[in-house]
1. Can you return the lysines within cross-link range of A:Lys83? Criterion is Cα-Cα under 16 Å, with same-chain partners fewer than 8 residues away left out.
2. Sort B:251-262, A:222-233, B:309-320 for me by packing, meaning the mean count of neighbouring Cβ atoms within 10 Å per residue, highest on top.
3. Pick out, from B:Thr178, B:Ser167, B:Pro124, the residue whose Cα sits farthest towards the positive end of the charge dipole of the stretch B:94-190, with +1 on the Cβ of Lys and Arg and -1 on the Cβ of Asp and Glu.
4. Using the Cβ atoms and a cut-off under 12 Å, what net charge is assigned to the surroundings of A:Ser63, where Lys and Arg are +1 and Asp and Glu are -1?
5. Using per-residue counts of other Cβ atoms within 10 Å, averaged over each peptide, order A:212-218, A:139-145 from highest down.
6. In debye, nearest 20, what is the charge dipole magnitude of the stretch B:131-250 about its Cα centre with +1 on Lys and Arg Cβ and -1 on Asp and Glu Cβ, if you could check?
7. Just need the relative contact order of chain B here, percent rounded to a whole number, with Cα pairs under 8 Å and 6+ apart.
8. Setting aside same-chain residues fewer than 8 positions from B:Lys30, which lysines have a Cα under 21 Å from its Cα?
Amino acid sequence: MKKTLSMLAVAAVISAATPAFASEAEVPPHQKWPHQGVFGTYDKAALQRGFQVYKEVCAACHSMKLLSYRDLTQLGYTPEQVKTVAAEYQIPDGPNDEGEMFERPGRPADRFHSPFPNDKAARAANGGALPPDMSLLSKAREHGDDYIYSILTGYEEKPAGFDLMPGLNYNKYFAGHQIAMAKPLNEGQVTYTDGTANTLEQQARDVTQFLAWASEPHMEQRKGMGLKVMIFMLAFCGIMVAAKRKLWADIH
Amino acid sequence: MAHFGENKNFSNPVVNWIDNRLPIFTMLIKEYGVFPMPRNVNYMWSFGGIAMTMLGIMILTGIMMAMNYTPHTTLAFDSVERTMRDVNFGWLLRYIHMNGASFFFIAVYIHIARGLFYGSYKKPRELLWMFGVVILLLMMATAFMGYALPWSQMSGWGVTVITSMFSAIPLVGDGLVTWLWGGFSVDNPTLNRFYALHFLLPFVILGVVFIHVWALHVTGSNNPTGVEPKTPADTVPFAPYVSTKDSVALVFFLTIFLGVVFFYPLALTEVDHFRKFDPMQTPAHIVPEWYFLPFYAILRAFTMDITIPFTTVVLLPAKLQGVLAMFGSIILLVFLPWLDRNPVKSGRFRPVFKWCIWLLFVDFFVLMYSGAKPPEGLPLIMGQLGTLYYFVLFLVILPVLSFKEKNLPVPASISADPGCCKKH
């Protein structure tokens with residue numbers, strides 16, 4: 001009995017200690033995404049706009065090391081367009097026959113150009129914080145796409161009395177509410193080539209969808225094949241049940 | 001010649017020629033053709049075959065994953081992602097392998113639950129059951145090491161937490177952990193040995209499965225009545241009857257499995273599995289894969305050091321209690337045939353045992369829930385009560401029920417059981 005009581009006491013102390021986490025982030029509200037669900041596919045126009053947002057805004061700090069420029073053909077760009085995009089970047093290469101490292105224009109087979117040569121350089125340029133690589137971001141965060149969209153649109157004035165550390169920014173969806181990244185997207189920041197209205201929400205939605213594609217580029221192939229596999233398997237189930245019933249009929 | 005008794009006479013001369021020199025066809029007919037199965041086995045008896053199929057799928061996809069994998073701390077994560085992105089159907093291989101582990105455990109847990117409920121561990125199947133427990137332990141080791149290979153945050157921290165448990169062992173603990181790691185932290189030597197063992201152990205499992213099935217073919221299968229077959233009227237040949245019935249279960253199981261693989265491949269994993277391992281950054285809370293959660297809850301259920309009364313000398317630290325309980329919870333299954341000595345096998349004819357076993361199945365999920373939550377407040381207490389019931393059931397209730405339970409009348413034979421041969 002004494003042991004049970006002290007166990008309860010321990011539990012009480014532990015639960016009393018939990019309010020330390022009271023400033024935990026709000027759960028990101030659920031958004032509707034075209035790539036959700038069994039039949040969901042990517043909206044290619046949104047992916048292209050999202051890529052533009054990434055290229056003009058995010059890429060200043062965030063790498064996407066797992067992606068190659070050639071992957072962009074999946075967004076509906078032609079191989080020629082991809083070549084042009086890749087050639088905008090100077091990619092370190094070498095050593096050449098003289099033993100020197102050199103830079104050359106990017107090719108479609110190159111991985112996305114990283115903004116910083118290494119993590120230390122990235123931290124040094126960002127007040128000690130490391131901008132995460134975004135190749136897998138939407139699979140690597142709780143609430144995935146909803147979280148990314150909410151972070152991008154969740155910057156607010158800090159509430160009165162909130163003790164914000166210097167150099168950090170207030171975001172209601174970030175754990176602890178203090179995020180090192182300054183508000184990255186603003187109303188009208190990216191001028192879309194397809195003339196879509198560039199509200200903050202539109203840009204956030206587009207880049208979120210681009211990141212969803214980047215983390216799961218084979219999703220459409222997967223679901224397409226899955227549908228055929230399911231139809232086959234269900235027919236297979238039916239045939240097996242029929243065969244078993246016929247076979248066992250004379251046993252009973 | 002004498003290995004399998006009389007050789008059959010096959011009409012195909014090639015088959016006959018081979019069979020006279022290596023009686024493989026005679027063996028197949030004896031063990032998988034005319035092999036007598038109790039005619040009343042239900043679909044719960046299909047999960048052994050399903051588990052074996054999952055083992056085959058895991059080995060095949062695993063070998064192909066290994067062909068594209070680089071076991072080095074700086075390259076492992078990216079090599080898995082390269083498989084996902086650039087290898088033809090690499091995403092399919094990885095999602096089958098990743099979710100295959102979960103479905104292998106689902107099949108094996110159902111298989112074990114069936115064995116528990118119908119008393120399949122009792123005489124004459126004690127050794128068969130014990131080899132099954134060995135398979136479970138090997139599977140857990142293999143799954144744990146496989147989980148480490150992508151070298152994600154979950155991998156690295158999972159390895160750190162689980163291997164650190166051994167430091168609870170008195171005197172040799174710390175040395176043992178260093179020995180397991182191959183260094184003073186979880187690093188490249190750890191990953192390399194885990195990779196080697198993750199490749200090796202599935203084939204060890206295959207070997208023990210062979211022994212498990214061999215032992216099964218000596219005693220024959222148990223059945224829902226727990227009464228051994230007495231006359232040919234009690235049995236049907238394995239092929240085509242039971243093989244077809246098993247195929248029905250297998251195809252349904254694979255349909256659900258493939259549904260998850262193709263449409264919800266991330267349903268059973270954690271987001272931290274998609275972040276590279278960073279030894280400097282601990283994730284908010286570390287949870288193992290779902291199939292380890294009940295045992296993880298047992299590990300964490302112990303929160304108080306046992307001291308010599310009225311002193312501060314610690315006899316048994318809480319951490320060591322947890323480690324012993326966790327390993328003990330599986331090891332004690334080895335002794336189950338002697339903990340439960342009630343002569344009646346099937347739970348159908350044991351009114352008290354039946355409810356105790358159902359409560360164990362519920363307890364398994366309670367522990368799973370507890371294991372997924374931070375060890376505090378209500379989930380901790382649920383974990384502690386769940387752990388208490390687990391051990392009380394096996395160490396107190398089953399030994400007592402061995403002699404005190406009023407069993408229901410058992411049918412004289414399988415065919416005499418009114419529930420045996422109803423239309424399906």
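FYI, it's all coordinate maths here, none of it is from the lab. Just so it is clear, the model here is predicted, and its values are computed rather than measured. Cβ: placed from backbone, ideal geometry, glycine included. Neighbour counts: every protein chain shown.
1. Correct list for A:Lys83: A:Lys55.
2. Ranked by mean Cβ neighbours within 10 Å, highest first: B:251-262, A:222-233, B:309-320.
3. B:Pro124
4. Values: positive: A:Lys65, A:Arg111; negative: A:Asp119, A:Asp133.
Result for the local shell: 0.
5. So the order, starting with the most tightly packed, is A:212-218, A:139-145.
6. Its charge dipole is roughly 100 debye.
7. Here the relative contact order equals 22 percent.
8. B:Lys8, B:Lys230, B:Lys245
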